[in-house]
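Worksheet: the structure to be examined is printed underneath.
The values are calculated or read from the model by the stated rules, or taken from the named source; none is laboratory data. Computed from a predicted structure; not experimentally measured. Note that we place each Cβ from the backbone using ideal geometry, even for glycine, and neighbour counts take in every protein chain shown. The protein model used for the area step is the full one, side chains on, heavy atoms only, and it has no ligands, DNA or RNA in it. Shrake-Rupley method; radii C 1.70, N 1.55, O 1.52, S 1.80 Å.
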Amino acid sequence: LLGAAVLLCLADVLHAFAIEEKGDVFKRMACPAFLMFDNAAYLADMTFELPCNCKPEEVSSVTWYFQKTLGNHETTVLTDFAGNMIVDSGHIRAGSDMLKRFSIRMFSLIVFRAQVTDSGHYLCGTKQGDFFYGYDVDVQPTKFITVAFEDKGQHVQDDHTEQLISLFTTFWDWTRCDRCGVRGEQRRIGLCYVQAAQLHPRYRAAVPNVTSCGSRAVPAHFRSLSHLRKPEVAIRSCMTPCQTDKVPEEGVQTISNIISELGKKPWLPRVPTQFHKQPIGTDLIIACPGARPEHAVAWDKDSVRLYRSRYLIHVNKTMRVFIDHGNHLHIQRVRRRDRGTYFCWREGEMVAGFRLSVFHQVRRRRSLQDPETIYAVHIIGIGYISISILFVIIHVGQCCRR
């Protein structure tokens, strides 16, 4: 109990120190007299955080606002008016409403699994409507993303240059090797950016005259050119050693070697394993626990490596099992041969297993009291009566003509 009390006191002290340090930041940075917008670009399904970089000292909580276009009267309020909304990112579904995918922590706005429709202006202010700081967020789609496998000699896109505008790709750093001890893969995400001298001066970027392709700073007559270039991903092979665990004592090692040599039980990685049953003919999507689109994630089926060079989405038009750009494993029209154990690697370490078993759905005889039977009889009856009325009307009309 004494140790727990000390830990709680330390947590309170650290929290108070974090708030005080945040307050010092607000004291050092004054809010601009004219509201500007910082440009920020992300890939769809990513989670991004927007800090409220300035506010008056007397403001204890902030309210975030979202506008699709600047000056639009349709404004979404992203707050519970207390500034402490907490969302469990593990229960967030892709494509859900933004009001179910955000959180405000320490005056910062966090949007989970961002969608293309989340692109727009984000403003930090008060519930009375006073604005302090703004962002111009560009969420770029992954539907038609360009993929380059460097091991196959493929290269990234060349820059597209016209008279007044230039389109190019800005790449992030290479991810870590997604597996250890065996051949793995690295991924590098690239987002579309534009360079032009006619950008809107109210939007601020890290490099002058450069902003993301979907930014509102790009003039309207140039926005059609941004569709000529899509985000891209570069993939290459890699090899990295695994972290060595503590070696057991010599006697224990000998016993474990003898047991493994007997072959009574096949070796399985010591990772948490989830069991799942899936009906044959249905679609299944498996997510790696704790993984985000920007992480290095890999999938194995038993001892078979599912490399992106073969299993990445759109690599083959007839793919039934593939990995999307959000690191999810898709199995369409599940078959009997899909059963097995699927292992997930995250940041070079195996973290989870999924034991998949498939079964045929048992057909049951329906009774007259089932809602489906009642609905079917109702529809069939309406159709029969409609056809009968139409038949009578046609014959009556023929008799009148005669």
Worksheet entry | Qualifying residue in the range 281-288 (condition: at pLDDT 90 or above, open to solvent by 80 Å² or more (accessible area, probe 1.4 Å) and more than 25 Å from residue 174 (Cβ to Cβ)) | yes
Worksheet, complete the sentence: Turns out the strands (runs of 3 or more DSSP E) fully within the range 111-167 with at least 2 residues that are touching a Gly at 6+ places or on another chain (Cβ under 8 Å) are 120-125, 131-140
Discussion item. Within the range 190-207, does at least one residue satisfy the condition of being under 21 Å from residue 294 (Cα atoms), open to solvent by 10 Å² or more (accessible area, probe 1.4 Å) and of a type outside the set (Gly, Ala, Ser)?
Written reply: yes
Discussion item. Condition (residue is under 18 Å from residue 47 (Cβ atoms), modelled with pLDDT of 80 or more, in contact with a strand residue (DSSP E or B) (Cβ under 8 Å, 6 or more places away or on another chain) and of a type in the set (A, V, I, L, M, F, W, C)) applied to the range 83-98: is it met by at least one residue?
Written reply: no
Worksheet item: How about the range 323-375: which of its residues are basic (Lys, Arg) and either open to solvent by less than 30 Å² (accessible area, probe 1.4 Å) or assigned to a strand (DSSP E or B) (or both)?
Response: 346, 355
Worksheet entry | Answer residue from the range 208-233, given it is surrounded by fewer than 19 Cβ atoms within 10 Å (Cβ to Cβ) and of a type in the set (Gly, Ala, Ser) and is farthest from the chain's Cα centre (by Cα) among those | 220
Fill in: Residue in the range 154-189 that is surrounded by the fewest Cβ atoms within 10 Å (Cβ to Cβ), counting only those that are of a type in the set (Val, Ile, Thr) and closer than 16 Å to residue 214 by Cβ
170
Fill in: Matching entry among 354, 359 (being hydrophobic (A, V, I, L, M, F, W, C), under 30 Å from residue 326 (Cβ atoms) and touching a Ser or Thr at 6+ places or on another chain (Cβ under 9 Å))
354
